[in-house]
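Asker: Have a look at this one before I ask anything.
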Amino acid sequence: MKIFVLVKEVPDTYGDRKLNLETGLADRAAGDLVLDEITERALEVALSYADKNDGTEVVAVSMAPEGSTASLRRALAIGAGSAVHIADEQLAGADLGLTAEVLAAAIRRGAPDLVITGNLSTDGSGGVIPAMIAEHLGFAQVTALSAVEITADGVSGVRGADAGSQPVSAPLPAVISITEALPDARFPNFKGIMAAKKKPLEVLSLADLDVSADPSAAPRTIMTTVSEKPPRAAGVKITDEGDAADKLVDYLVQNRLV
């Protein structure tokens, strides 16, 4: 079986995260960049299956700037057999639609049986990329899984629902997304880190994938304005002079809190 896992480089959630007010994009120089934890968990799902099934090929795929090689190498150190890095200056600021189109083109090129992703990234938090990729590929989709079972013919799992949980399944080929209920990724050891340096890492451009980023070719989402979050204002202080209850009720009514 061939499994593609989408991995994403994001600003470290433990550091400062800022938007560039000129471009509207995340300021990648403002802090450390790491593999998104949810995508590492997705990689763990694939590797756990590969551990028990000889002949399974796990490929890490990422659309990221040219300088993101270290993050892809980490995915290889964790255990992926190879990686695909989509890097093109025209993809800076790509919206969800273009991102899904590009990733689907790269995945289609590799003809996998299964695609595993996180349910949503910690930076954009769009949460729609797995479904959009499945639509582009014509694959079945099973999203937001809190438990996963992969077989040679299909995939099944459990999805959280308002009334409890919902068992779901689909035949292969399929796209699945997982939640943080799945186990943490294994930590890369020294042997894995050294082996990662020799594992195949293919770099692709838009020309290689025959995808156009030209906004005239298809509708694209654009950001019209961006501004800093306003400073936190002081709260309202009510001094009890016998009418504190009335003032509190008035405040709640004025702010439509009751």
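The values are calculated or read from the model by the stated rules, or taken from the named source; none is laboratory data. Only a predicted model underlies this, so the values are computations on that prediction, with no experimental measurement involved. Every residue, glycine as well, gets a Cβ built from its backbone with ideal geometry; the counts of neighbours run over all protein chains shown. Accessible surface areas use protein heavy atoms only, side chains included; no ligands, DNA or RNA. Shrake-Rupley method; radii C 1.70, N 1.55, O 1.52, S 1.80 Å.
Asker: So, R0 is 51 Å and r is the distance between the beta-carbons of D32 and D250; what FRET efficiency does that work out to, to 0.05?
Answerer: Calculated transfer efficiency: 0.60.
Asker: Moving on to the next point. Most fluctuating residue of R109, R159, R17 in a GNM of the chain with Cα springs under 10 Å: which is it?
Answerer: R109
Asker: Over segment 1-160, what is the relative contact order in percent, taking alpha-carbon pairs closer than 8 angstrom and at least six residues apart?
Answerer: 26
Asker: Same structure again: Can you give me the C-alpha center-to-center distance between segment 64-84 and segment 4-26, rounded to a whole angstrom?
Answerer: Cα centroid of segment 64-84 versus Cα centroid of segment 4-26: 17 Å apart.
Asker: Relative contact order for segment 83-220: what is it in percent, counting Cα pairs under 8 Å that are at least 6 residues apart?
Answerer: 32
Asker: Considering Cα pairs under 8 angstrom that are at least six residues apart, work out the relative contact order of segment 69-134 and quote it in whole percent.
Answerer: 29
Asker: Label segment 102-223 by shape, choosing from rounded, prolate and oblate, from the square roots a ≥ b ≥ c of the eigenvalues of the Cα gyration tensor; if a/c is under 1.5 it is rounded, and otherwise prolate applies when a/b is larger than b/c, oblate when it is not.
Answerer: Since a/c reaches 1.5 but b/c is at least a/b, the shape of segment 102-223 is classed as oblate.
Asker: With axes computed from alpha carbons, what is the tilt in degrees of helix 69-78 against the longest principal axis of the chain, rounded to the nearest 10 within 0 to 90?
Answerer: 70
Asker: So for the chain, if I pair up every lysine 8 or more residues apart or on another chain, how many of those pairs have alpha-carbons under 30 Å apart?
Answerer: 21
Asker: Give me the number: length gained by fully extending V236 to V203, i.e. 0.36 nm times residue separation minus the C-alpha to C-alpha distance, one decimal in nm.
Answerer: 6.4 nm
Asker: Can I ask one more? Which far-off residues, 5 or more places away or on another chain, put their amide H under 5 Å from the one on K2, with H placed in the peptide plane?
Answerer: So K2 has HN proximity to E57, D113, L114.
Asker: Considering only DSSP beta bridges with both partners in segment 1-87, what is the antiparallel share in %, to the nearest 5?
Answerer: If we restrict to bridges inside segment 1-87, about 30 percent are antiparallel.
Asker: Under 1.5 on a/c is rounded, so check that first for segment 76-143, then, if it is not, pick prolate when a/b is larger than b/c and oblate when it is not; a ≥ b ≥ c are the square roots of the alpha carbon gyration tensor eigenvalues.
Answerer: Here segment 76-143 falls in the rounded category.
Asker: Just the number please: accessible area per residue for the chain, 1.4 Å probe, all protein chains included, in Å².
Answerer: Value for the chain: 58 Å² per residue.
Asker: Among DSSP beta bridges whose residues both lie in segment 130-186, state the antiparallel percentage, nearest 5.
Answerer: Counting DSSP beta bridges with both partners in segment 130-186, the antiparallel share is about 75 percent.
Asker: Highest mean first, what order results for 129-136, 186-193, 207-214 on Cβ atoms within 10 Å?
Answerer: In descending order of packing, they fall as 129-136, 207-214, 186-193.
Asker: What's the ranking of 248-256, 150-158, 82-90, 221-229 by average number of surrounding C-beta atoms within 10 Å, highest first?
Answerer: The packing order, highest mean first, is 82-90, 150-158, 248-256, 221-229.
Asker: Whenever you get a sec, compute what percent of the accessible area on the chain sits on carbon and sulfur atoms (1.4 Å probe).
Answerer: Ligands and nucleic acids excluded, carbon and sulfur give 51 percent.
Asker: Where Lys and Arg each count +1 and Asp and Glu each count -1, what net charge lies around S48 among other residues with Cβ under 13 Å from its Cβ?
Answerer: -2
Asker: For the chain, give me the percentage of DSSP beta bridges that are antiparallel, rounded to the nearest 5 percent.
Answerer: 40
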